[in-house]
Every structure is written in C-alpha cells, then in structure tokens.
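Have a look at the structure below, then the notes.
The values are calculated or read from the model by the stated rules, or taken from the named source; none is laboratory data. Predicted, not measured: the structure shown is a model, and the values here were computed from it. Glycine gets a Cβ as well: all are built from the backbone with ideal geometry, and neighbour counts include every protein chain shown.
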Amino acid sequence: MFIHYASKLHLKDGKRVIQYVKDTSDFGVKFTKSKEFKLFGFFDNDWRGSTDNMRSNSDYCFTFEFSVFS
C-alpha cells in the first residue's frame, strides 16, 4: 500500500535500511568444527493471523549448532 502513497518519511526509512545492510554486509555466521552435526528447523504457521484476507502466515528458522542461518 505504501508504494502507491510513498512519502519523504518512507524514503528516509528506506535509506536507513539500505545503509544498515551496507554497513553490516561483512558480518557473517561463524561455524566451528564439531564431531556431531546438529541441524534444527522450526516452523510456525498461523491461519488466524490475517483477518482481512484469511491467508496463512508462516515463519521458519534453521539453526546449525548455535548459529541461526535462515
């Protein structure tokens, strides 16, 4: 919706997001050597989250050892 009614505030916030991504692009996930491979995945699905169009909302998270990568 904001794409049709964008304001200077939206442009300012967009620039902040781009600057954040630029400043943190060299950050990464550090993996260490381990004898055991522990990969965990979590998934959540919510059919009641959107009462306007009744579409499902879903989230997921994957971890490898102690690092979240997705």
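So here's what we get for this one:
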| read-out | value |
| --- | --- |
| Residue match in the range 37-56 (condition: basic (Lys, Arg), modelled with pLDDT of 75 or more and either outside any strand (DSSP E or B) or out of contact with any His (no Cβ under 8 Å at 6 or more places or on another chain) (or both)) | yes |
| Filter result (over 19 Å from the mean Cα position of the chain (by Cα), modelled with pLDDT of 80 or more and part of a loop (DSSP other than H, G, I, E, B)) within the range 6-36 | Ser7 |
